[in-house]
Amino acid sequence: MNAMVKPELICPAGTPAALRSAVDAGADAVYCGYQNATNARNFVGLNFTPEEMEKSIRYAHDGGTKVLITLNTFPPAGKVELWKEMVDLSARLGADACIVADIAVAAYIRDTYPDLRIHLSVQAAASSPEAIEYYVREFGVKRVVLPRIMTVSEIRGLLKEIPCEVETFIFGNHGLMVEGRCSLTNYVTGQSTNMDGACSPAACVKYERADDGSMSTILGDYMIDRFGPEETAGYPTICKGRYKCDARDGGYYAFEEPISLNASTMLPDLINAGVHAFKIEGRQRSRAYVKKVVAAFREAVDSIMAGQEPKLADLVALTEGQKQTEGALKTKKWR
Amino acid sequence: MTSEPQSSRLGAGPGGFPFAPPLPLFLLNPILKRIVHRIAVQNPDMFDRLGPHRHAYFLIDPVDIPFMLYLRPDPEALDFRAVGRRNPPPHAARISGKFLDLLTLMDTEQDGDALFFSRDLIVTGDTEAVVCLRNALDDVDDPIAESVADMFGPPGRAALNALRRAAENAQKRKGAK
Ligand code: SF4
């Protein structure tokens, strides 16, 4: 067996305060984006102004942490200039890499900033050796973030065939409708996750409470779930909605239930497979979440690398619906 | 049919209001006014995250104390006062939860989404306004709870520490259930 490579811990930040928390908790790299459609977490009140990004990159670099900038949406026709401007800005501010999904954005970085690393976003949904090799050959992609639909053994096999680094998700939201290709929110809200950067924007979400203590989640004009008084709740996204369908009695989570990915028990297998980086989802979450989750995984990765039994903090309180799964990493039949 | 939040999880309980302050509201309001002005001076950038929602009124409802808090986070026209429970004034959004949970949110020790998932936090009204307020408060340098405690010197800090311990114990009890 090859010597184990220590995977980088890639941590989310939706605000400068969250970024500082991630750096202080031991992140190897933080990923974050600007306040516009170039970023797939384009939610109101979140993300960084250019000035905040500049200061935050300085803070991260002083702490020995890299900053990866998310330009991970697809520019609609006629709007690609905004993505190019954000690439220019990121290069000027000294970002360590840009995470991109769109080939026009990747080509612009390759031609204009050949030294700026390109990481292929999960939004590009590249999972076959052929697709990944194409991105590496044509755009010089250095790392691919894998879709959350692969088992550990598939990842191990893939790593042997591709000429770039691999990053896998280990914690957070588990909405994995072949990433980058989900248009469910468009039908209901008129906004696109992939082009506007917002799935289920808060302006389209309402929570209604009934006298019996139950709560309904309304997205656009549709009720997508109703939780009983004692039931835990989930995000207001269509993929986590509960629907009536012929195949089942009563409400049914037809796509995915409110649940989060937690791959902490799979870390040794992923490290043995040769994964280069572990990603924690959650740029929309608070700095308390960032602090707790980053600290827990920092400790777990460090103990595994030191040959010790990993200490796995209990993170279930932070999970959606207070439920967790190892998802496809363990088995394709995770539901 | 919708109504103002009442939850079996969030009731004041048979013990009434465990965090009932001894002060009448007219004595409390000048203190709240001082607090909000101090926070605004210390964190001028936080209002940017609110966008147009800075003009909105928020009703913050600690379900286990006998009054609610009424906030307009507008730096040009700041307003923060205690209001009675009987006739809540007009508001864009209402945020309800136990006092200690709301305190730990202000102390940046709790994750708002996690409280929402566990149904310990209830949001009604304009969801976008609440998300903006949450993001604005989460991005301040020093946690709001700490800044408020500092305003009252050693007794303020001692009170915050006591409340933190109470919050921690409540958390453990919840975890043990
Ligand atoms: S509906 Fe679910 S899978 Fe689709 S973009 Fe939204 S969160 Fe992702």
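The values are calculated or read from the model by the stated rules, or taken from the named source; none is laboratory data. Just so it is clear, the structure is predicted and the values come from calculations on it, not from any experiment. Note: ideal-geometry Cβ built from the backbone for every residue, glycine included; neighbour counts use all protein chains shown. For the accessible areas, the whole protein counts, side chains as well, though only heavy atoms, and no ligand, DNA or RNA atoms are used. Shrake-Rupley method; radii C 1.70, N 1.55, O 1.52, S 1.80 Å.
For A:THR331 and A:ASP302, compute 0.36 nm times the residue count separating them, minus their Cα-Cα distance, and round to one decimal in nm.
My answer for the length gained is 7.9 nm.
Whole-Hz Karplus values for the stretch A:123-140 come out as 4, 6, 6, 8, 10, 9, x, 5, 5, 5, 4, 4, 5, 5, 5, 7, 10, x Hz, taken residue by residue from phi with 6.51 cos²θ - 1.76 cosθ + 1.60 and θ = phi - 60°; glycine and proline positions read x. Full extension of the chain between A:THR112 and A:ILE149 gives 10.0 nm of extra length, using 0.36 nm per residue less the Cα-Cα distance. Chain B and chain A together bury an accessible surface of about 3300 square angstrom, both sides counted, with a 1.4 Å probe and no ligands or nucleic acids included.
Among the residues of B:135-144, the average count of other protein chain beta-carbon atoms within 10 Å of the residue beta-carbon is 5. Computed from backbone phi, the HN-Hα couplings of the stretch A:21-26 come to 4, 5, 4, 5, 8, x Hz, rounded to whole numbers (Karplus: 6.51 cos²θ - 1.76 cosθ + 1.60, θ = phi - 60°; Gly and Pro given as x). Residue by residue through A:11-21, how many Cβ atoms from other chains fall within 10 Å of the Cβ on average? Average per residue, whole number: 3.
Considering every Cα-Cα pair within the stretch B:112-170, what fraction, in whole percent, is farther apart than 12 Å?
Details: 1284 of 1711 pairs.
Of all Cα-Cα pairs in the stretch B:112-170, 75 percent lie more than 12 Å apart.
Kindly state, to the nearest 0.05, the FRET efficiency for B:ASP74 paired with A:CYS245, given R0 = 51 Å and r defined as their beta-carbon distance. It would help to have the intermediate numbers written out before the result.
Values: r = 46 Å, r/R0 = 0.91.
After rounding, the FRET efficiency stands at 0.65.
Per-atom-type breakdown for the stretch B:11-140 gives carbon and sulfur 61% of the accessible area (1.4 Å probe, protein chains only). Each 10 Å bin from 0 upward holds the following percent of the Cα-Cα pairs of the protein assembly as shown: 4, 18, 30, 27, 15, 6, 1, 0. Judged by the gyration tensor of its Cα atoms, with axes a ≥ b ≥ c, the stretch A:184-253 is oblate; a/c meets the 1.5 cut and b/c is at least as large as a/b. With each label modelled as a point 7 angstrom along the Cα→C-beta vector, the A:GLU231-A:LYS79 pair spans 3.5 nm. Within the listed set A:PRO75, A:PRO114, A:PRO229, the residue fluctuating most in the Gaussian network model of chain A (springs between alpha-carbon atoms under 10 angstrom) is A:PRO229.
Annotation note: trypsin sites (Lys or Arg not before Pro) in the stretch A:1-85 located in DSSP loop regions with a Cβ neighbour count of at most 10 within 10 Å are absent. In a DSSP loop and with at most 13 other Cβ atoms within 10 Å, the trypsin sites (Lys or Arg not before Pro) in the stretch A:188-267 are A:ARG248.
Normalised Debye scattering of the stretch B:25-176 at q = 0.20 Å⁻¹ gives log10 I(q)/I(0) of -1.54, counting only Cα atoms as equal scatterers and leaving out solvent. The mean number of partner chain beta-carbon atoms within 10 angstrom of a residue's beta-carbon across peptide B:99-111 is 3. Centre-to-centre separation between the Cα atoms of the stretch A:321-335 and those of the stretch A:250-277: 5 Å.
With Cα atoms defining each centre, the stretch A:84-155 and the stretch B:115-177 are spaced 39 Å apart in the structure.
Of the beta bridges in chain A, as assigned by DSSP with both residues counted there, near 35 percent are antiparallel.
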